[in-house]
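In what follows, a single structure is set out as structure tokens and then discussed.
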């Protein structure tokens, strides 16, 4: 298995976190039968995480991405038609695309890598929550300032669920950014923990106000396995080796985190599919057009944001990233896999109970993502 990040990292910018399988060529045509296209389909996501198929109606998930994907709506139409999901279009009010200033014109310039990221995000939201509305907010560039301006635009538009499949390493000044952009109760901000393994986690996932989405390897399992997933039917998860995890050097520990070996904020909070080896099927007309297989904590971020929407609107004074800690039994506890070498510590090793790579675990339904 080989994969690559679809975005080219550049100094002083955020990077997207989609990992494209390069050993599986693009497929031009597809049907939802069997393994065609390769990768997990919406029915697989709904089965693995026990998601309600008709939930989320009327709720909007905002996707914050960079640059313009001019084919976002048409690619989404192919994806949803292939898997018999209800149409989500501008015409029926389900899909809306705006720039960071809130207008439809002018759109930002186009970048093929970020266009691929955008396609992955809106299709992953569709897989987990077919009835959700989608608001795509496109930043002018992938500078942190523009990305955070787009986050503010998503919030201003009324979105209660904001997906951010991007980030950059921790750095000075981010505590002040938290207060300006993320200290808003009643909004579920979800960000990718990163694809750098132990101590390779990213901001804004590290923010005390954001749900840090870690990643797993999601396998089909015909036999029940010992351990905390023993009662799970058909699926088994372990920590993805590259999921960002660790102990922040900057962010204070939120009151709902009580793990013993990190006096500051610990990353992550919850997790879902991210390993490109067991990746997600998506359709895009950028970067080798057709059906491809993708992973990275980009995927888990969009999935978890959609699951928050399925769970219902957060309480207006609530911090939604605290919800999983109050409902641990609503998650599959992941106790296998690691993201690096840390002397066996839970900061990089999946264990029974809370751990850095997978957080509280992966959702078993959506009851753990509400008050």
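The values are calculated or read from the model by the stated rules, or taken from the named source; none is laboratory data. Computed from a prediction, not measured in an experiment: that's the story for all the values here. Cβ: placed from backbone, ideal geometry, glycine included. Neighbour counts: every protein chain shown.
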> What are the residues in region 88-106 that are surrounded by 14 or more Cβ atoms within 10 Å (Cβ to Cβ) and at pLDDT below 95, if any?
Replying inline: none
> Is one or more of the residues making up region 118-135 surrounded by fewer than 19 Cβ atoms within 10 Å (Cβ to Cβ), assigned to a loop (DSSP other than H, G, I, E, B), touching a strand residue (DSSP E or B) at 6+ places or on another chain (Cβ under 9 Å) and at pLDDT 95 or above?
Replying inline: no
> So residue 241 clears everything in (1) out of contact with any helix residue (DSSP H, G or I) (no Cβ under 9 Å at 6 or more places or on another chain); (2) crowded, with 24+ Cβ neighbours inside 10 Å; (3) part of a loop (DSSP other than H, G, I, E, B) except one condition, right? Which one?
Replying inline: (2)
>> So, in region 136-148, exactly how many residues are touching a helix residue (DSSP H, G or I) at 6+ places or on another chain (Cβ under 9 Å) and in a helix (DSSP H, G or I)?
In response: 2
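Each row is one residue, and each column tells you yes or no for (1) under 16 Å from residue 364 (Cα atoms); (2) under 19 Å from the mean Cα position of the chain (by Cα); (3) surrounded by 22 or more Cβ atoms within 10 Å (Cβ to Cβ).
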{"residue": "287", "(1), (2), (3)": "no, no, no"}
{"residue": "292", "(1), (2), (3)": "no, yes, yes"}
{"residue": "298", "(1), (2), (3)": "no, yes, yes"}
{"residue": "305", "(1), (2), (3)": "yes, yes, yes"}
{"residue": "311", "(1), (2), (3)": "yes, yes, yes"}
{"residue": "323", "(1), (2), (3)": "yes, yes, yes"}
